[in-house]
Amino acid sequence: MKIQFLSSSLATTLEVGKKLGSYSEPGDVICLGGELGSGKTTLAQAIAEGAGVDQRQYVNSPTFAVLHEYGGRIPIYHMDFYRLGSSEDVLALGLDEYLCGDGLALIEWFERAEDVLPESVLVVHLSFVNTNSRAISLHSSDYRWQKIIGELKTTLNLS
Ligand SMILES: Nc1ncnc2c1ncn2[C@@H]1O[C@H](COP(=O)(O)OP(=O)(O)O)[C@@H](O)[C@H]1O
Ligand SMILES: [Mg+2]
């Protein structure tokens with residue numbers, strides 16, 4: 001199952017993120033792809049908000065870290081693999097422990113270490129269209145995510 005739509009405003013992306021976060025369960029992994037400035041961090045933050053993270057926690061976070069942990073309805077592990085070379089780095093840092101554990105893992109630049117990721121991930125890809133618009137695609141081979149994608153499509157009236 002794969003859907004693709006145009007988010008023509010920051011507000012739309014935030015709404016999608018909050019919905020995804022509200023559906024998330026412990027052990028979920030959401031991979032965020034797309035070039036610099038496409039909206040990965042923005043979307044991750046909205047997903048965390050949907051999962052019950054108080055946004056003040058985000059405002060107080062230092063920027064450059066491989067892992068930020070937030071307490072929401074479930075623990076949120078926001079990771080950024082940008083500075084990592086490969087999956088060996090992920091394993092050396094013990095980041096694989098946060099995948100399929102007690103919380104929701106959100107991973108920017110997941111392409112660096114695709115081979116350590118479980119198959120049941122939700123992949124979200126963002127691409128820059130213009131200042132306020134992003135093309136967003138969602139896909140997963142996991143049945144539960146496929147149902148969620150279907151529901152999201154209906155609720156948000158996406159085409
Ligand atoms: N429709 C949109 N969806 C997501 N972000 C948007 C949108 N329109 C504008 N933006 C802006 O684009 C920027 C994306 O930055 P960021 O989330 O840090 O990207 P990345 O983490 O992919 O490098 C933010 O400043 C955000 O406000
Ligand atoms: Mg980012």
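Details
- Within the range 13-29, residues that are over 18 Å from I3 (Cα atoms) have Cβ atoms under 7 Å from residues that are acidic (D, E) in these pairs: P26/D102, counting only partners at least 6 apart in sequence or on another chain.
- Residue count, the range 80-99 (criterion: surrounded by fewer than 17 Cβ atoms within 10 Å (Cβ to Cβ) and either more than 18 Å from the chain's Cα centre (by Cα) or in contact (Cβ under 8 Å) with a residue 40 or more places away in the chain (or both)): 8
- Taken together, S141, S87 contain a single residue that is in contact with a Lys or Arg (Cβ under 8 Å, 6 or more places away or on another chain) and among the polar types (S, T, N, Q), which is S87.
- Taking the range 14-48 as the range and being of a type outside the set (A, V, I, L, M), within 16 Å of ligand 2 (Cβ to nearest atom) and under 12 Å from the mean Cα position of the chain (by Cα) as the test, the residues that pass are G17, C31, G33, G34, G39, K40, T41, T42, Q45.
- Matching residues in the range 100-159 - criterion: being without any contact (Cβ under 8 Å) to a residue 40 or more places away in the chain and polar (S, T, N, Q): N130, T131, S141, T154, N157
- Candidates A44, A105, A11, filtered to the one that is surrounded by 13 or more Cβ atoms within 10 Å (Cβ to Cβ) and either touching a Ser or Thr at 6+ places or on another chain (Cβ under 7 Å) or in a helix (DSSP H, G or I) (or both): A44
No lab work stands behind these numbers, since they all come straight from the coordinates. Note that the structure is a prediction, hence the values are computed from the model and not measured. Methodologically, a virtual Cβ is constructed for each residue, glycine included, from the backbone with ideal geometry; neighbour enumeration extends over all protein chains shown.
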